[in-house]
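The values are calculated or read from the model by the stated rules, or taken from the named source; none is laboratory data. Remember, predicted model here, so these are calculated numbers, not experimental data. Please note: Cβ atoms are built from the backbone with ideal geometry, for glycine as well, and neighbour counts cover all protein chains shown. The protein model used for the area step is the full one, side chains on, heavy atoms only, and it has no ligands, DNA or RNA in it. Shrake-Rupley method; radii C 1.70, N 1.55, O 1.52, S 1.80 Å.
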Amino acid sequence: MRVLSGIQPSGNLHIGNYFGMMKPALALQEANEVFLFIADYHALTTVKDADLLRKYVRDVAYDFLACGLDPARTVFYRQSDVPEVHELAWLLSVVCPMGLLERAHSFKDKTARGMDANHALFAYPVLMAADILCVNADIVPVGKDQKQHLEIARDLAGKFNRHTGRDVFKLPDPMIRDEVAVVPGVDGQKMSKSYGNTIEIFGPPKQVRKTIMKVVTDSTPLEEPKDPDTCNVYALYRLFASEAEAAGLAERYRAGGMGYGEAKKALAEKFEAHFEPFREKRAYLEAHPDEVEDVLQAGAARARETIRPVLQAARAAVGLE
Ligand code: ADP
Ligand code: TRP
(Lines give C-alpha, C1' and ligand atoms only; values in the text may rest on other atoms or scores of the structure.)
(Ligands and ions follow the chains in the order given, each with its own letter.)
Protein backbone atom coordinates (compact mmCIF):
# COMPACT_ATOMS: atom_id res chain seq x y z
CA MET A 1 0.00 0.00 0.00
CA ARG A 2 1.09 3.54 -0.62
CA VAL A 3 0.56 5.85 2.33
CA LEU A 4 0.83 9.64 2.36
CA SER A 5 0.37 12.28 4.99
CA GLY A 6 1.45 15.85 5.55
CA ILE A 7 1.65 18.26 8.41
CA GLN A 8 1.71 22.03 8.44
CA PRO A 9 4.76 23.70 10.00
CA SER A 10 2.66 26.24 11.83
CA GLY A 11 3.73 25.76 15.45
CA ASN A 12 5.19 23.25 17.87
CA LEU A 13 3.81 19.76 17.43
CA HIS A 14 1.61 18.41 20.19
CA ILE A 15 0.22 15.09 21.31
CA GLY A 16 -2.94 15.60 19.19
CA ASN A 17 -0.68 15.67 16.11
CA TYR A 18 1.34 12.76 17.49
CA PHE A 19 -1.52 10.36 18.19
CA GLY A 20 -3.81 11.60 15.41
CA MET A 21 -1.30 11.52 12.58
CA MET A 22 2.39 10.93 13.33
CA LYS A 23 2.19 7.67 15.25
CA PRO A 24 -0.26 5.97 12.85
CA ALA A 25 1.79 7.11 9.85
CA LEU A 26 5.08 5.96 11.39
CA ALA A 27 3.57 2.59 12.33
CA LEU A 28 2.95 1.98 8.62
CA GLN A 29 6.63 2.41 7.69
CA GLU A 30 7.53 -1.24 8.17
CA ALA A 31 5.19 -2.79 5.67
CA ASN A 32 4.23 0.01 3.30
CA GLU A 33 5.58 2.68 1.04
CA VAL A 34 5.16 5.83 3.11
CA PHE A 35 5.38 9.45 1.94
CA LEU A 36 5.44 12.14 4.61
CA PHE A 37 5.88 15.79 3.88
CA ILE A 38 6.09 19.16 5.58
CA ALA A 39 3.28 21.26 4.15
CA ASP A 40 5.04 24.61 3.97
CA TYR A 41 3.01 25.94 1.02
CA HIS A 42 -0.06 25.30 3.13
CA ALA A 43 1.47 26.97 6.18
CA LEU A 44 1.88 30.20 4.18
CA THR A 45 -1.87 30.67 4.60
CA THR A 46 -1.31 31.29 8.31
CA VAL A 47 2.40 31.89 9.01
CA LYS A 48 3.33 35.32 7.67
CA ASP A 49 6.80 35.66 9.18
CA ALA A 50 9.52 34.16 6.93
CA ASP A 51 12.03 33.43 9.71
CA LEU A 52 9.35 31.82 11.81
CA LEU A 53 8.28 29.63 8.91
CA ARG A 54 11.89 28.50 8.39
CA LYS A 55 12.13 27.65 12.09
CA TYR A 56 8.84 25.73 12.11
CA VAL A 57 9.89 23.71 9.05
CA ARG A 58 13.16 22.70 10.74
CA ASP A 59 11.33 21.87 13.97
CA VAL A 60 8.83 19.61 12.23
CA ALA A 61 11.70 17.80 10.49
CA TYR A 62 13.51 17.29 13.83
CA ASP A 63 10.29 16.14 15.51
CA PHE A 64 9.46 13.51 12.90
CA LEU A 65 12.98 12.14 12.70
CA ALA A 66 13.28 12.09 16.50
CA CYS A 67 9.96 10.27 16.85
CA GLY A 68 11.10 7.41 14.64
CA LEU A 69 10.73 8.39 11.01
CA ASP A 70 13.23 6.24 9.14
CA PRO A 71 14.38 8.14 6.06
CA ALA A 72 15.76 4.97 4.49
CA ARG A 73 12.22 3.65 4.25
CA THR A 74 9.96 6.67 4.31
CA VAL A 75 10.08 9.37 1.67
CA PHE A 76 10.31 12.52 3.79
CA TYR A 77 10.26 15.89 2.05
CA ARG A 78 9.36 19.53 2.14
CA GLN A 79 6.32 20.33 0.00
CA SER A 80 7.96 23.38 -1.61
CA ASP A 81 10.83 21.22 -2.90
CA VAL A 82 8.24 19.49 -5.09
CA PRO A 83 6.73 22.30 -7.16
CA GLU A 84 4.93 19.77 -9.38
CA VAL A 85 2.09 19.76 -6.85
CA HIS A 86 1.15 23.23 -8.04
CA GLU A 87 0.77 22.19 -11.61
CA LEU A 88 -1.45 19.35 -10.54
CA ALA A 89 -3.43 21.67 -8.24
CA TRP A 90 -4.25 23.77 -11.30
CA LEU A 91 -5.41 20.77 -13.30
CA LEU A 92 -7.64 19.80 -10.38
CA SER A 93 -8.93 23.36 -9.94
CA VAL A 94 -10.37 23.13 -13.42
CA VAL A 95 -12.68 20.28 -12.36
CA CYS A 96 -13.42 21.70 -8.89
CA PRO A 97 -16.85 23.33 -8.49
CA MET A 98 -16.91 26.48 -6.33
CA GLY A 99 -19.67 24.96 -4.19
CA LEU A 100 -17.38 22.16 -3.06
CA LEU A 101 -14.96 24.68 -1.57
CA GLU A 102 -17.70 26.93 -0.22
CA ARG A 103 -18.92 24.02 1.89
CA ALA A 104 -15.47 23.31 3.40
CA HIS A 105 -15.59 23.59 7.21
CA SER A 106 -11.98 24.54 7.59
CA PHE A 107 -12.37 27.70 5.46
CA LYS A 108 -15.58 28.65 7.25
CA ASP A 109 -14.03 28.07 10.70
CA LYS A 110 -10.87 29.99 9.94
CA THR A 111 -12.64 33.02 8.49
CA ALA A 112 -15.19 32.93 11.34
CA ARG A 113 -12.20 33.24 13.69
CA GLY A 114 -11.12 36.39 11.90
CA MET A 115 -8.52 35.07 9.47
CA ASP A 116 -8.31 36.90 6.14
CA ALA A 117 -10.41 35.19 3.49
CA ASN A 118 -7.70 35.01 0.82
CA HIS A 119 -7.68 32.79 -2.23
CA ALA A 120 -5.04 30.40 -0.87
CA LEU A 121 -7.14 29.65 2.19
CA PHE A 122 -10.16 29.03 -0.03
CA ALA A 123 -8.25 26.84 -2.49
CA TYR A 124 -6.42 24.94 0.29
CA PRO A 125 -8.36 21.66 -0.25
CA VAL A 126 -7.38 21.61 -3.94
CA LEU A 127 -3.69 21.85 -3.12
CA MET A 128 -4.16 19.17 -0.48
CA ALA A 129 -5.88 16.94 -3.06
CA ALA A 130 -2.89 17.49 -5.35
CA ASP A 131 -0.49 16.47 -2.54
CA ILE A 132 -2.33 13.20 -2.17
CA LEU A 133 -3.19 12.40 -5.77
CA CYS A 134 0.25 13.21 -7.17
CA VAL A 135 1.69 10.11 -5.54
CA ASN A 136 -1.49 8.08 -6.09
CA ALA A 137 -1.78 7.34 -2.37
CA ASP A 138 -4.04 4.50 -1.21
CA ILE A 139 -4.24 5.56 2.43
CA VAL A 140 -4.00 8.90 4.20
CA PRO A 141 -3.59 8.74 7.99
CA VAL A 142 -4.98 11.92 9.56
CA GLY A 143 -7.09 13.09 12.50
CA LYS A 144 -10.85 13.47 12.17
CA ASP A 145 -10.68 17.19 11.38
CA GLN A 146 -9.16 16.32 7.99
CA LYS A 147 -11.94 13.95 6.96
CA GLN A 148 -13.75 16.48 4.78
CA HIS A 149 -10.51 17.38 2.99
CA LEU A 150 -10.08 13.71 2.13
CA GLU A 151 -13.61 13.57 0.78
CA ILE A 152 -12.82 16.54 -1.44
CA ALA A 153 -9.65 14.81 -2.69
CA ARG A 154 -11.65 11.69 -3.57
CA ASP A 155 -14.29 13.80 -5.23
CA LEU A 156 -11.75 15.64 -7.38
CA ALA A 157 -10.00 12.40 -8.34
CA GLY A 158 -13.33 10.95 -9.50
CA LYS A 159 -14.32 14.09 -11.37
CA PHE A 160 -10.96 14.31 -13.14
CA ASN A 161 -11.12 10.66 -14.18
CA ARG A 162 -14.70 11.04 -15.45
CA HIS A 163 -14.08 14.33 -17.29
CA THR A 164 -11.07 12.98 -19.10
CA GLY A 165 -12.34 9.43 -19.52
CA ARG A 166 -9.04 8.12 -18.17
CA ASP A 167 -8.16 6.37 -14.96
CA VAL A 168 -5.40 8.77 -13.95
CA PHE A 169 -5.99 8.92 -10.18
CA LYS A 170 -6.70 6.40 -7.47
CA LEU A 171 -9.37 7.35 -4.93
CA PRO A 172 -7.52 7.66 -1.58
CA ASP A 173 -8.99 6.37 1.68
CA PRO A 174 -8.62 8.24 4.95
CA MET A 175 -7.27 6.27 7.89
CA ILE A 176 -8.76 7.72 11.06
CA ARG A 177 -8.25 5.71 14.22
CA ASP A 178 -11.45 6.09 16.23
CA GLU A 179 -9.83 5.98 19.62
CA VAL A 180 -7.60 8.96 18.82
CA ALA A 181 -9.88 10.72 16.33
CA VAL A 182 -9.96 13.87 18.46
CA VAL A 183 -7.41 14.27 21.24
CA PRO A 184 -8.70 16.79 23.81
CA GLY A 185 -6.63 19.80 24.79
CA VAL A 186 -6.05 21.01 28.35
CA ASP A 187 -9.36 22.91 28.20
CA GLY A 188 -11.31 19.90 26.92
CA GLN A 189 -11.77 21.30 23.38
CA LYS A 190 -9.97 19.66 20.45
CA MET A 191 -6.23 20.07 21.04
CA SER A 192 -4.96 22.54 18.45
CA LYS A 193 -2.04 24.90 17.97
CA SER A 194 -4.53 27.63 17.21
CA TYR A 195 -6.45 27.19 20.48
CA GLY A 196 -3.42 27.54 22.78
CA ASN A 197 -4.49 24.36 24.63
CA THR A 198 -1.73 21.99 23.60
CA ILE A 199 0.66 19.65 25.36
CA GLU A 200 3.80 19.90 23.24
CA ILE A 201 5.72 16.74 22.46
CA PHE A 202 9.09 18.39 23.03
CA GLY A 203 8.13 21.17 25.41
CA PRO A 204 10.54 21.73 28.33
CA PRO A 205 9.74 18.88 30.80
CA LYS A 206 8.89 21.17 33.72
CA GLN A 207 6.55 23.23 31.61
CA VAL A 208 4.85 20.14 30.20
CA ARG A 209 4.24 18.85 33.72
CA LYS A 210 2.71 22.19 34.70
CA THR A 211 0.49 22.10 31.62
CA ILE A 212 -0.66 18.57 32.42
CA MET A 213 -1.56 19.65 35.98
CA LYS A 214 -3.83 22.29 34.38
CA VAL A 215 -5.96 19.84 32.38
CA VAL A 216 -9.58 20.76 33.10
CA THR A 217 -11.63 18.33 35.21
CA ASP A 218 -15.02 18.54 36.91
CA SER A 219 -15.26 19.27 40.62
CA THR A 220 -16.20 15.83 41.93
CA PRO A 221 -14.64 15.60 45.43
CA LEU A 222 -11.75 13.21 45.99
CA GLU A 223 -13.74 10.53 47.87
CA GLU A 224 -16.53 10.25 45.33
CA PRO A 225 -16.69 7.92 42.32
CA LYS A 226 -15.71 9.51 39.00
CA ASP A 227 -16.63 8.82 35.40
CA PRO A 228 -13.53 8.04 33.32
CA ASP A 229 -15.46 8.37 30.06
CA THR A 230 -16.10 12.08 30.49
CA CYS A 231 -12.70 12.95 31.95
CA ASN A 232 -10.02 14.69 29.86
CA VAL A 233 -7.20 13.37 32.04
CA TYR A 234 -8.36 9.81 31.51
CA ALA A 235 -8.81 10.39 27.75
CA LEU A 236 -5.18 11.51 27.54
CA TYR A 237 -3.88 8.77 29.86
CA ARG A 238 -5.50 6.11 27.66
CA LEU A 239 -3.42 7.22 24.69
CA PHE A 240 -0.19 6.29 26.44
CA ALA A 241 -1.32 3.35 28.55
CA SER A 242 -1.77 -0.32 27.77
CA GLU A 243 -5.34 -1.61 27.84
CA ALA A 244 -4.79 -3.17 31.25
CA GLU A 245 -3.37 0.05 32.68
CA ALA A 246 -6.27 2.09 31.29
CA ALA A 247 -8.77 -0.39 32.71
CA GLY A 248 -6.95 -0.18 36.06
CA LEU A 249 -7.24 3.59 36.19
CA ALA A 250 -10.91 3.46 35.09
CA GLU A 251 -11.63 1.09 37.96
CA ARG A 252 -9.97 3.41 40.45
CA TYR A 253 -12.02 6.33 39.11
CA ARG A 254 -15.25 4.40 39.57
CA ALA A 255 -14.34 3.19 43.04
CA GLY A 256 -13.88 6.73 44.42
CA GLY A 257 -11.09 7.77 46.76
CA MET A 258 -8.72 8.93 44.04
CA GLY A 259 -8.27 12.58 43.17
CA TYR A 260 -7.71 14.08 39.75
CA GLY A 261 -4.30 15.33 40.94
CA GLU A 262 -3.09 11.76 41.24
CA ALA A 263 -4.43 10.87 37.79
CA LYS A 264 -2.61 13.89 36.36
CA LYS A 265 0.65 12.76 37.95
CA ALA A 266 0.18 9.31 36.41
CA LEU A 267 -0.42 10.98 33.06
CA ALA A 268 2.71 13.16 33.39
CA GLU A 269 4.79 10.07 34.15
CA LYS A 270 3.43 8.25 31.12
CA PHE A 271 4.13 11.28 28.96
CA GLU A 272 7.73 11.55 30.16
CA ALA A 273 8.44 7.85 29.79
CA HIS A 274 7.06 7.91 26.26
CA PHE A 275 8.91 10.93 24.88
CA GLU A 276 12.10 10.88 26.97
CA PRO A 277 13.89 8.44 24.62
CA PHE A 278 13.15 10.73 21.66
CA ARG A 279 14.65 13.82 23.28
CA GLU A 280 18.26 12.74 22.88
CA LYS A 281 17.78 12.01 19.20
CA ARG A 282 16.13 15.38 18.74
CA ALA A 283 19.03 17.17 20.43
CA TYR A 284 21.44 15.42 18.07
CA LEU A 285 19.43 16.45 15.01
CA GLU A 286 19.18 20.02 16.18
CA ALA A 287 22.96 20.08 16.41
CA HIS A 288 23.29 18.66 12.87
CA PRO A 289 20.90 20.64 10.66
CA ASP A 290 22.89 19.83 7.51
CA GLU A 291 22.19 16.13 7.91
CA VAL A 292 18.51 16.89 8.20
CA GLU A 293 18.59 19.09 5.11
CA ASP A 294 20.27 16.23 3.20
CA VAL A 295 17.45 13.90 4.25
CA LEU A 296 14.83 16.36 2.98
CA GLN A 297 16.64 16.90 -0.32
CA ALA A 298 16.98 13.18 -0.93
CA GLY A 299 13.31 12.74 -0.03
CA ALA A 300 12.24 15.43 -2.50
CA ALA A 301 14.24 13.75 -5.28
CA ARG A 302 12.52 10.42 -4.56
CA ALA A 303 9.08 12.05 -4.34
CA ARG A 304 9.58 13.80 -7.68
CA GLU A 305 10.46 10.50 -9.33
CA THR A 306 7.14 9.06 -8.22
CA ILE A 307 5.18 12.17 -9.10
CA ARG A 308 6.60 12.75 -12.60
CA PRO A 309 4.72 9.94 -14.40
CA VAL A 310 1.46 10.73 -12.58
CA LEU A 311 1.67 14.37 -13.57
CA GLN A 312 2.52 13.40 -17.10
CA ALA A 313 -0.56 11.17 -17.31
CA ALA A 314 -2.71 14.02 -15.98
CA ARG A 315 -1.23 16.50 -18.50
CA ALA A 316 -1.80 14.06 -21.33
CA ALA A 317 -5.38 13.42 -20.22
CA VAL A 318 -6.31 17.12 -20.50
CA GLY A 319 -4.45 17.70 -23.77
CA LEU A 320 -1.32 19.43 -22.56
CA GLU A 321 0.82 16.83 -24.26
P1 ADP B 1 -3.49 21.98 14.66
O2 ADP B 1 -4.99 21.90 14.82
O3 ADP B 1 -2.81 21.91 15.95
O4 ADP B 1 -3.06 23.17 13.83
P5 ADP B 1 -2.98 20.47 12.32
O6 ADP B 1 -4.27 20.97 11.73
O7 ADP B 1 -1.70 21.00 11.81
O8 ADP B 1 -3.06 20.69 13.89
O9 ADP B 1 -3.00 18.89 12.23
C10 ADP B 1 -1.93 18.07 11.81
C11 ADP B 1 -2.36 16.62 11.90
O12 ADP B 1 -2.63 16.27 13.25
C13 ADP B 1 -3.66 16.35 11.13
O14 ADP B 1 -3.60 15.05 10.60
C15 ADP B 1 -4.71 16.42 12.20
O16 ADP B 1 -5.86 15.68 11.87
C17 ADP B 1 -3.98 15.85 13.40
N18 ADP B 1 -4.52 16.43 14.63
C19 ADP B 1 -4.40 17.71 15.02
N20 ADP B 1 -5.00 17.93 16.20
C21 ADP B 1 -5.54 16.73 16.56
C22 ADP B 1 -6.29 16.29 17.68
N23 ADP B 1 -6.60 17.12 18.68
N24 ADP B 1 -6.68 15.00 17.73
C25 ADP B 1 -6.35 14.14 16.72
N26 ADP B 1 -5.63 14.49 15.64
C27 ADP B 1 -5.23 15.77 15.55
N1 TRP C 1 -4.33 19.90 5.85
C2 TRP C 1 -3.48 19.11 6.68
C3 TRP C 1 -3.52 19.68 8.10
O4 TRP C 1 -3.82 20.84 8.28
C5 TRP C 1 -2.06 19.10 6.19
C6 TRP C 1 -1.96 18.50 4.84
C7 TRP C 1 -1.69 19.16 3.67
C8 TRP C 1 -2.16 17.14 4.50
N9 TRP C 1 -1.70 18.29 2.62
C10 TRP C 1 -1.98 17.05 3.09
C11 TRP C 1 -2.47 16.00 5.24
C12 TRP C 1 -2.12 15.82 2.42
C13 TRP C 1 -2.61 14.79 4.56
C14 TRP C 1 -2.44 14.70 3.17
O15 TRP C 1 -3.23 18.98 9.00
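Other residues within the sphere of radius under 12 Å centred on the Cβ of residue 161, judged by their own Cβ, net out at +3 (K and R +1, D and E -1).
As a calculated quantity, the FRET efficiency between residue 166 and residue 48 at R0 = 25 Å, using C-beta atoms, amounts to about 0.05.
Counting only residues at least eight positions apart within a chain, or on another chain, the lysines with an alpha carbon under 26 Å from that of residue 265 are 23, 190, 193, 206, 210, 214, 226, 281. Rolling a 1.4 Å probe across all protein chains gives residue 155 an accessible area of roughly 60 Å². Over all pairs of different C-alpha atoms in the range 163-267, the reciprocal of the mean inverse distance, the Kirkwood hydrodynamic radius, equals 15.7 Å.
Taking the centroid of alpha carbons for each part, the range 273-321 and the range 26-103 are 9 Å apart. Ranked by the mean number of other Cβ atoms within 10 Å of their residues, highest first, the peptides 74-81, 276-283 come out as 74-81, 276-283.
With r as the distance between the Cβ atoms of residue 112 and residue 304 and R0 = 35 Å, compute the FRET efficiency 1/(1 + (r/R0)^6) and round to 0.05.
Values: r = 37 Å, r/R0 = 1.07.
The computed FRET efficiency comes out at 0.40.
These residues, 107, 271, go from largest to smallest accessible area, 1.4 Å probe, as 107, 271.
Tell me the Kirkwood radius of the chain: reciprocal of the mean inverse pair distance over distinct alpha-carbon atoms, in Å. Walk me through the numbers before you get to the answer.
Working: mean 1/r = 0.0477 Å⁻¹.
When all Cα pairs of the chain are included, the Kirkwood radius is 21.0 Å.
Connecting C-alpha atoms closer than 10 Å in a GNM of the chain, tell me which of 99, 196, 165 has the biggest fluctuation. Per the Cα network of the chain with a 10 Å cutoff, 99 tops the list.
Couplings 3J(HN,Hα) for the range 307-321, derived from phi with the Karplus relation 6.51 cos²θ - 1.76 cosθ + 1.60 (θ = phi - 60°), are 6, 3, x, 5, 5, 5, 5, 5, 4, 5, 5, 9, x, 7, 8 Hz, where x marks Gly and Pro.
Phi angles across the range 58-73 convert, under the Karplus curve 6.51 cos²θ - 1.76 cosθ + 1.60 with θ = phi - 60°, into 3J(HN,Hα) values of 4, 4, 5, 4, 4, 4, 5, 5, 5, 7, x, 5, 9, x, 6, 9 Hz, Gly and Pro given as x.
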